[in-house]
Amino acid sequence: MSARINTLLPAVLIRTFAFAGFFSAAILLVNAAKRAGVIPTSPFTQLAAPLAQVAAIGLVIGAYVVMSRPAGALATSGAVLSVTSLAGLVGVEFVLNLVFPYIGQDVIAVLRAGPLGIALTVVSMVFLLGAVVFMFALWRTSNVPKAVVILYTLSSVPIALRTVFPETVLQLGLVGLAVAAAFLAFWILRNVARTTTTEEAAKATATAVIGTS
């Protein structure tokens, strides 16, 4: 399926997905620096935080459509789970950055004990499942460096289970995911360039054959 989509989407759109991955990586680094106290918390950093997930949706779509072999049910399921969970995480980041800092810990505890806590847990688990499934699909059906797949997968664990891991581990997870996202975006750009070159060569050959016939 991905090969068919790749022929229908213009290369410039796929490159846009790749640059969205670079943008997501940059915001993840800002989030990690903010949590580590390297940069101060400000309205800018709070408003920028959810943009990492928004941009990551483009990264996942871009990786899906440039897989070197047609994507099967596994890759499709992983992509759908990842995109769905990332959309949900946008809401999570808005709550964590634009709501929780301005209310008391007792109110936060009450909110986490209710439906909000269930929603946060479900979205986090779907994100982890989507990351594992999609990265496994990339491992099997693409030439993405295995180290990038492993780094992306391992970095997703403390992010999804942020209430379980120490803050330092979460920060390392954000940095690791940023590095993996940047390498994945670079891989998309390389594969789009290769695909475009192949298509242009095929068109040139076809034109030459027609011209000589």
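The values are calculated or read from the model by the stated rules, or taken from the named source; none is laboratory data. The model shown is predicted, which means the values in this text are computed figures rather than measured ones. Side chains are part of the model used for accessible areas, which takes the heavy atoms of the whole protein and leaves out ligands, DNA and RNA. Shrake-Rupley method; radii C 1.70, N 1.55, O 1.52, S 1.80 Å.
List of remarks:
- Solvent exposure of the range 104-162 amounts to 50 Å² per residue of accessible area, where only protein heavy atoms count and the probe is 1.4 Å.
- Debye log10 I(q)/I(0) for the range 55-100, one point scatterer per Cα, at q = 0.15, 0.18, 0.20, 0.27 Å⁻¹: -0.45, -0.58, -0.66, -0.93
- Computed over the alpha-carbon atoms, the range 35-123 gives an Rg to Rh ratio of 1.09, Rh here being the Kirkwood radius from the mean inverse distance.
- Rounded to the nearest 10 Å², the accessible area of residue 186 at probe 1.4 Å: 110 Å²
- Accessible surface of the range 7-81 [probe 1.4 Å, protein heavy atoms]: carbon and sulfur percent: 77 percent
- Scattering from the range 12-163 was approximated by placing one identical point on each alpha carbon and applying the Debye formula without solvent; log10 I(q)/I(0) at 0.19 1/Å stands at -1.21.
- What the Cα atoms of the range 101-167 give is an Rg and a Dmax of 15.8, 49 Å.
- Here the range 115-180 has 80 percent of its accessible surface on carbon and sulfur atoms, given a 1.4 Å probe and all protein chains in place.
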